[in-house]
């Protein structure tokens, strides 16, 4: 009987050790990303991006993330949407989240115990996937 109790304790501890971020923190992450963009804080914005998004941005632009996120079409689009990016409404499905802000739709993914931005600068298209200026796989 002690083996069964021990196994249950181990399972409970393992299950509790993996904290999943919630819906509210998804919205907070999207707002923090846009606060960094509005403050011209490239390193801060990049710290909130998923690794695949950083990789795609750097590959597409030929610049390091902290510059590329504020330059060119990506930077222009994100900066224009950053000023009033507030009022997050988040929906979470498993390890993914969609956050609707007043100026943008942002997609996030779970990384460890926090959210990272997978796509931003997104526009809805009827009967098709969103078109995003910043996007990882």
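The values are calculated or read from the model by the stated rules, or taken from the named source; none is laboratory data. What you are looking at is a predicted structure, and each value in this text was computed from that prediction instead of being measured. Here the Cβ positions follow ideal geometry from the backbone for every residue, glycine too, while neighbour counts run over all protein chains shown.
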Problem set entry | Every residue from segment 81-96 that is exposed (fewer than 14 other Cβ atoms within 10 Å of the Cβ) and not in a strand (DSSP E or B) | 83, 84, 86, 87, 94, 95
Exercise. For segment 115-137, which residues satisfy the criterion of being in contact (Cβ under 8 Å) with a residue 40 or more places away in the chain and either buried (at least 20 other Cβ atoms within 10 Å of the Cβ) or under 16 Å from residue 97 (Cβ atoms) (or both)?
Worked result: 115, 116, 117, 118, 119, 120, 121, 134, 135, 136
Problem set entry | Which numbered condition residue 73 fails, given (1) more than 15 Å from the chain's Cα centre (by Cα); (2) over 18 Å from residue 57 (Cα atoms); (3) not in a strand (DSSP E or B) | (2)
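When you go through 100, 106 one by one, which is the residue that is touching a residue at least 40 places away in the same chain (Cβ under 8 Å) and either surrounded by fewer than 13 Cβ atoms within 10 Å (Cβ to Cβ) or at negative phi (or both)?
Details: 100 fails: touching a residue at least 40 places away in the same chain (Cβ under 8 Å).
Being touching a residue at least 40 places away in the same chain (Cβ under 8 Å) and either surrounded by fewer than 13 Cβ atoms within 10 Å (Cβ to Cβ) or at negative phi (or both) holds for just one of 100, 106, which is 106.
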For this session: Might you check whether a residue that is more than 20 Å from residue 108 (Cβ to Cβ), at pLDDT 95 or above, more than 18 Å from the chain's Cα centre (by Cα) and not in a helix (DSSP H, G or I) occurs anywhere in segment 42-62?
Result: yes
